[in-house]
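Read the structure below first, then the notes.
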Ligand code: GLU
């Protein structure tokens, strides 16, 4: 493959038809981050050009085809806000959208090519092919199909069939010349035809191969732009030969660069979570996943990093997709998630956090978001990065601490006079005229002055007594959310703990 010139404006075809793009996954049951990026770019392109996105499930591999997995994937797309136009769960005029239900179309197309002499039947067995490939390699030749069945006579073919051989169908590919892929991202990329062999389009079991089925379906579904992972660039010359044989202009191709792991290897399971579903379970927001994934290979041309889907649709263009591989960075994703969390209304964050609150035993089945829960969430919103972190961050709101942070105990509970100060705090809790952040704060400051200590010397022990921790959101706002009598009880317990400790020491 050779790069001939830089990508240029070959994004739109001359015809007036609105663009039609497709995402064509094999149904694995989860959406890899790299695939999420591919489908997102298709969606953004479709929405920004007034086009349509088709979801086609390439489920012809019988060992893996599972309809349920395909629906799971479709649901993940919808959860992300990638509201495709046609496909499973949606229907549409060019269905069926499961490739396995389109085999008759593939066979008919192959028959046509056979009738036109653009394809031929090949009777070679896998063993024969392997043997000849090996011999070619030993002789220093390329291990490509040697064209043995290209010129079989009808009689020879009949004899082979009579011997029980079932043919595959191969496409006749020119032996000379070059095939140029005009790629919207990589520019013109040349492939020598001599390096392509007469590849199989229909296997002997009558099933089409990927390079054939995909093109037949893309033609049937009126696809105008094929936007997909770079790893398919090398399949593209073959697919162009299929288009030519079928007498159809190829679509615009746009190959998007790989998403690599931080060590620049292929991103896989061993790099931790790589599926959208895993991030969903870890409490990531669909808005944030979309935002992060958009930045894998695309940039707005300035340093903005936070985008909503609508903003992405307004800003997106294939021209701004980079040719270099994107490197996946989970910390950045976490940061982007935190940014989106803070932009949501706290009541909405609370609503989305309910499943995690339930899991942590902090919300009952069927519990609704109320004002107090919303206030608690609002208080910690600046401190959490995912929905999954919310239960721990607002635990104080639901129950008394079971233990106290050890370093905190040494620092704030073991100090001289700690028990007396906790007693003073408890009295404030009992006596402050109103249980509001302002009133509590005023009382704490007045008490600190009266005792001749810094306010921090009352604030830190109180936080430890009420939450068990040394850090957290504004203490006075936090106290306001704990019922007054509960705050009194927690301060009493801490005072008793400190006295017991002092007695033992
Ligand atoms: N089923 C192929 C894949 O998942 C589709 C490639 C394409 O978009 O043509 O990689």
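The values are calculated or read from the model by the stated rules, or taken from the named source; none is laboratory data. These figures come from a predicted structure and were not determined experimentally. For neighbour counting, all protein chains shown are included, and Cβ atoms are generated from backbone atoms with ideal geometry for every residue, glycine included.
General observations
Quick grid of which residues meet (1) modelled with pLDDT under 95; (2) assigned to a helix (DSSP H, G or I):
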{"site": "159", "(1), (2)": "no, yes"}
{"site": "169", "(1), (2)": "no, no"}
{"site": "182", "(1), (2)": "no, no"}
{"site": "188", "(1), (2)": "no, no"}
{"site": "197", "(1), (2)": "yes, no"}
{"site": "214", "(1), (2)": "no, yes"}
{"site": "219", "(1), (2)": "no, yes"}
{"site": "227", "(1), (2)": "no, no"}
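- Filtered by the rule that a residue be touching a residue at least 60 places away in the same chain (Cβ under 8 Å), surrounded by fewer than 22 Cβ atoms within 10 Å (Cβ to Cβ) and more than 9 Å from the ligand (Cβ to nearest atom), segment 202-220 gives 206, 207, 220.
- Which numbered condition residue 232 fails, given (1) touching a strand residue (DSSP E or B) at 6+ places or on another chain (Cβ under 7 Å); (2) farther than 30 Å from residue 390 by Cβ; (3) within 14 Å of the ligand (Cβ to nearest atom); (4) touching a residue at least 60 places away in the same chain (Cβ under 8 Å): (4)
- Pick from segment 390-432, criterion surrounded by fewer than 15 Cβ atoms within 10 Å (Cβ to Cβ) and within 24 Å of residue 373 (Cα to Cα), ranking: nearest to the chain's Cα centre (by Cα): 392
- The set of residues from segment 47-64 being crowded, with 24+ Cβ neighbours inside 10 Å and more than 15 Å from residue 101 (Cα to Cα) comprises 53, 54.
- Flag for residue 87 being within 15 Å of the ligand (Cβ to nearest atom), on the phi > 0 side of the Ramachandran plot and surrounded by 17 or more Cβ atoms within 10 Å (Cβ to Cβ): yes
- Considering 400, 407, 378, the condition of being in contact (Cβ under 8 Å) with a residue 60 or more places away in the chain and part of a helix (DSSP H, G or I) is satisfied by 407 alone.
- Any hit, segment 270-277, residues being closer than 20 Å to residue 55 by Cβ and more than 16 Å from the ligand (Cβ to nearest atom): yes
- Take the conditions (1) modelled with pLDDT of 95 or more; (2) out of contact with any helix residue (DSSP H, G or I) (no Cβ under 8 Å at 6 or more places or on another chain); (3) within 16 Å of the ligand (Cβ to nearest atom); residue 311 misses just one of them, which is (3).
- Looking across segment 328-359, the residues that are part of a loop (DSSP other than H, G, I, E, B) and modelled with pLDDT under 95 come down to 328, 329.
- The one condition in (1) within 15 Å of the ligand (Cβ to nearest atom); (2) part of a loop (DSSP other than H, G, I, E, B); (3) within 30 Å of residue 320 (Cα to Cα) that residue 29 fails to fulfil: (3)
- Members of segment 138-157 that are modelled with pLDDT of 90 or more, surrounded by 10 or more Cβ atoms within 10 Å (Cβ to Cβ) and either over 12 Å from residue 196 (Cα atoms) or touching a strand residue (DSSP E or B) at 6+ places or on another chain (Cβ under 6 Å) (or both): 148, 149, 150, 152, 156, 157
- Residue list for segment 199-212, filter: touching a helix residue (DSSP H, G or I) at 6+ places or on another chain (Cβ under 7 Å) and in a loop (DSSP other than H, G, I, E, B): 199, 206, 207
- Qualifying residue in segment 262-270 (condition: under 30 Å from residue 200 (Cα atoms), outside any loop (DSSP other than H, G, I, E, B) and over 25 Å from the mean Cα position of the chain (by Cα)): no
- Number of residues in segment 124-145 that are in a loop (DSSP other than H, G, I, E, B) and either within 42 Å of the chain's Cα centre (by Cα) or touching a residue at least 24 places away in the same chain (Cβ under 8 Å) (or both): the value is 6.
- Here residue 121 passes the criteria (1) within 41 Å of the chain's Cα centre (by Cα); (2) surrounded by 14 or more Cβ atoms within 10 Å (Cβ to Cβ) except the one numbered (1).
- Of all residues making up segment 84-108, the number that are part of a loop (DSSP other than H, G, I, E, B) and either over 25 Å from the mean Cα position of the chain (by Cα) or without any contact (Cβ under 8 Å) to a residue 40 or more places away in the chain (or both): 9
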